[in-house]
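The values are calculated or read from the model by the stated rules, or taken from the named source; none is laboratory data. As the structure is a prediction and not an experimental result, all values here were calculated from the model. Here the Cβ positions follow ideal geometry from the backbone for every residue, glycine too, while neighbour counts run over all protein chains shown. All accessible areas refer to the heavy atoms of the entire protein, side chains included, with ligands and DNA or RNA removed. Shrake-Rupley method; radii C 1.70, N 1.55, O 1.52, S 1.80 Å.
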Amino acid sequence: GLICSVYTEVGLKVPRISWQQAEFGTEVEEVHDIRPGDWIFYVPDAGKAGYVSHVGIVTEVRGKNDILFIHASSSKGVREDNLFSKYFKNRFVKAMRPFWFFWLVYTSTTTVLLLRTTTQRTHNYFV
């Protein structure tokens, strides 16, 4: 999936399946602590417990209720959405920080992961 593709491109090995990815790294305890590079996880049905079936990578934190992430949509390809959108906010399960050093690397260079886009169109997200 998207997570494996992005991290493979920068030489990092990560789990392939979303439920395995949901156990990889350190859990982000509070939503307001989410940072670019964190992984966010979802269940298929809004407001219901269940297995993690979807994951995205945070691209930008603009404010308290404005957290953007990219993910591979089954119907629209790779796209960017907001964590607090009507569709995603009730499906959100948790966030994980996959690599403790990632935040330092991400903020010190612009070449690590080029994941940011300014439109909702489908894009290829490879470095």
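Odds and ends about this structure:
- Rolling a 1.4 Å probe over the protein heavy atoms gives the range 3-58 an accessible area of 54 Å² per residue.
- Net charge of Cβ neighbours under 15 Å - reference Phe92; Lys, Arg +1; Asp, Glu -1: -2
- Our coupling estimate for the range 12-25, obtained by passing each phi through the Karplus curve with A = 6.51, B = -1.76, C = 1.60 and θ = phi - 60°, is 10, 9, 9, x, 8, 9, 4, 5, 6, 4, 5, 10, 9, x Hz, Gly and Pro reported as x.
- Residues with amide H under 5 Å from that of Phe84, placed H, sequence gap 5 or more: Ile67
- Here each label is just a point 7 Å from Cα along the line to Cβ, and for Ser5 and Asn90 those points are 3.0 nm apart.
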